[in-house]
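**Q** To start, I am sharing the structure in question, which I have written as structure tokens.
The values are calculated or read from the model by the stated rules, or taken from the named source; none is laboratory data. All of these numbers come straight from a predicted model, not from anything done at the bench. A quick note on method: Cβ atoms are made from the backbone with ideal geometry, for glycine too, and the neighbour counts reach across all protein chains shown.
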Amino acid sequence: MSDDVPTLELRDLHTDFDTRAGVLRAVDGVTLSVGRGEVLGLVGESGSGKSVTGFSIIGLIDPPGRVSSGSIKFQGRELVGLPEPELRRLRGRHIAMIFQDPMMTLNPVLRIDTQMTETIQAHERVSTAEARRRSRDALGQVGIPSPEERLSAYPHQFSGGMRQRVAIAIALLHNPALIIADEPTTALDVTIQAQILAVVQKLASERGTSLLWITHDLSVVAGLADRIAVMYAGRIVESGSVDAVLDHPMHHYTRGLIGSVPSRNQRGHKLVQIPGMTPSPLNRPAGCAFRTRCPAADSACEVEPELIVPVPGRELRCFHPAPDALVAA
Amino acid sequence: MSLIVFVSVYAIGDPVEILVSPQATIKEIEQTRVALGLDQPLWWQYLLFLGHALQGDLGRSFIFHQPALSLVFSRFGATLELALSALLLSTMLGIALGLVAALRVGDWVGRTIMAASIAGLSLPTFWVGTLLVMFFGIWLGWLPAIGRGEVATFLGITSSLFTRDGLAHVILPASTLALGNTALIIRLTRSGAVEALQSDYVRFARAKGLSPTRIVGVHVLKSVLIPLTTIVGLEFGGLVAFSVVTETIYAWPGMGKLIVDSIAVLDRPVIVAYLMMVALLFVVINLVVDLLYRALDPRVGPHT
């Protein structure tokens, strides 16, 4: 496979949910790409559509939801419209997923070895003994002590951090080309978060695995991702390399997000917040969805802004980018 | 338990009046009363009963003049095979239909199953039983309507389930007995499976690329079996204890039929022996359920 074919390429992806109140557009024209071995941080607040984007890629959007238009290309192959059995062969083998809450993702009544070997045997014809051996090695790689004994344990005998390690080990079993991580550290405390991040970063870079890391936590992205895409109300509003976007945010939503991170310098001052709330997908403002909360909005914003390239390597969906950021970039 | 049964059976009526012939003289009646020990005060009768019970003797039937316990035991096999058939039928059918209903929530298949289960829960056994006898036993003539079929002994167990004729006889009563239970199991399985299907672990299982068969057959089914075990266990006790109606309709020679006949003639020792047996059965079933629970649910039991 040549290097110029990205591992994942989304073009104008739309995912809708048919509800009684109308069609709910959770993902509204997302375009992004993840190169081989690249880590893309997909950042946004709750309800911005970032998780739905992840589930759309892996084909796990259940009715009443559906991918209504757009294209999802994995290693150059179109996934939209692929029949379910074909998708199933990709899932877990070439594209793996890690979920948010490790307390909920493992089946409480099945042993760890069952849940690991079934993943191997769903895709390869190998003996149970061989599958077990590989599972044990995978547990060892994610830093679980005495993996042989732990294989026979049940999920409730593990802590949250250890369970997420097991989930990561399961995701890594087939050396997938892409791992979609849906806020995998959100439910963990900070020290465990750091450990999990270190494990994933090490294993992904060793194997050249691409990562789509979905999170609302900018500090996680800062340390892990190569590039960052900021999502708001179902659209990507800004993207670029992590350093460029975090140091010189152009979109006022990105600025608001960065400004909302509490830091020591702000002691004694009121915490900064973005005014208002994420608009419901049922009644988003026409034009730029952020304009009702944006300090720079004017009548021009009532028209949908196109995605522009203000400087090479950056993409932006805004008529009034922050001037100082433009100068700095 | 034994005290409650003893006293309440005493309160039902005087068996002597039924036992003696209508032409009996007062002297004859008194003789019968003394012979059965019914002239003694109640507390003394109870103590005597307890003393004998501890030695495994629950008294003799007034009618059959056999030990009550062995009389009940002799009918136990027939009831047990009926209850087991009903249990097997209702769990297999109930779990299968319940899973289908969970997978087809909202469409006509799911709705039909749920509607049928409501009917199954609300139709009274005696009515359904009579209907089945009329329809399959009499009009169509496909299946024998009453009685127990030929028995055969296999591995030391004598049962009518080992012969063709016996199986043909057991189908109708077992279906009647299983009806309410099947409906209950369908509903429990469905609600459990619907919940499991929406859980994160099923989503994760799908993200692993597992086949739908594996997800439903292993991940969902095992989660559903845990709450189901408790109910099925208790229901089994109910099947044995309350097969009374079914056995009466089909003239099935089991414990239920025996107890109805015994109550009619106030055969106290048999009634007491039967109720003691049923109580013991419930205790045993609960123990088995607890043990099964440990085998099924890793979160129960000592932690390692």
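**Q** Return the residue satisfying two criteria in turn: it lies in segment A:17-31 and is farther than 30 Å from A:ASP4 by Cβ and of a type in the set (A, V, I, L, M), and of such residues it is nearest to the chain's Cα centre (by Cα).
**A** The selected residue is A:ALA26.
**Q** Residue by residue through segment B:216-234, note down the ones that are buried (at least 20 other Cβ atoms within 10 Å of the Cβ) and within 11 Å of chain A (Cβ to nearest Cβ).
**A** Correct list: B:HIS219, B:VAL220, B:SER223, B:VAL224.
**Q** Failed condition for A:GLY161, given (1) within 14 Å of chain B (Cβ to nearest Cβ); (2) part of a helix (DSSP H, G or I); (3) surrounded by fewer than 21 Cβ atoms within 10 Å (Cβ to Cβ), with all others met?
**A** (1)
**Q** If you don't mind, another one. Given the condition within 14 Å of chain A (Cβ to nearest Cβ) and among the hydrophobic types (A, V, I, L, M, F, W, C), answer yes or no: does some residue in segment B:176-188 qualify?
**A** No, there is no match, as no residue in segment B:176-188 is within 14 Å of chain A (Cβ to nearest Cβ) and among the hydrophobic types (A, V, I, L, M, F, W, C).
**Q** Okay, next question. Of A:PRO281, A:PRO305, A:PRO285, A:PRO295, which residue is modelled with pLDDT under 80 and either more than 23 Å from the chain's Cα centre (by Cα) or part of a loop (DSSP other than H, G, I, E, B) (or both)?
**A** A:PRO281
**Q** Let me ask you something else. Hey, among A:THR254, A:THR278, which residue is surrounded by 13 or more Cβ atoms within 10 Å (Cβ to Cβ), in contact (Cβ under 8 Å) with a residue 60 or more places away in the chain and among the β-branched types (Val, Ile, Thr)?
**A** Result: A:THR278 is the single residue among A:THR254, A:THR278 that is surrounded by 13 or more Cβ atoms within 10 Å (Cβ to Cβ), in contact (Cβ under 8 Å) with a residue 60 or more places away in the chain and among the β-branched types (Val, Ile, Thr).
Conditions tested, residue by residue: (1) on the phi < 0 side of the Ramachandran plot; (2) surrounded by 23 or more Cβ atoms within 10 Å (Cβ to Cβ); (3) in contact (Cβ under 8 Å) with a residue 40 or more places away in the chain.
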site	(1), (2), (3)
A:SER33	yes, no, no
A:VAL39	yes, yes, yes
A:GLY47	no, no, yes
A:LYS50	yes, yes, yes
A:LEU60	yes, no, no
A:GLY76	no, no, yes
A:GLU84	yes, no, no
A:HIS94	yes, no, yes
A:ILE98	yes, yes, yes
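**Q** Can you give me the ranges of the strands (runs of 3 or more DSSP E) entirely in segment A:164-264 with at least 3 residues that are more than 24 Å from A:ARG89 (Cα to Cα) and more than 14 Å from every other protein chain (Cβ to nearest Cβ)?
**A** A:227-232, A:235-241
**Q** Check A:ARG133, A:ARG165, A:ARG207 and return the single one that is out of contact with any strand residue (DSSP E or B) (no Cβ under 6 Å at 6 or more places or on another chain) and modelled with pLDDT of 90 or more.
**A** Answer to the check: A:ARG133.
**Q** Please work out if A:GLN141 is more than 9 Å from chain B (Cβ to nearest Cβ) and at positive phi.
**A** Taking the combined requirement at face value, the residue does not satisfy it.
**Q** Of (1) modelled with pLDDT of 90 or more; (2) surrounded by fewer than 17 Cβ atoms within 10 Å (Cβ to Cβ), A:GLU124 satisfies all except one. Which?
**A** (1)
**Q** May I ask you to verify whether B:ALA145 is at pLDDT 85 or above and of a type outside the set (Val, Ile, Thr)?
**A** When the stated conditions are applied, B:ALA145 does not pass them.
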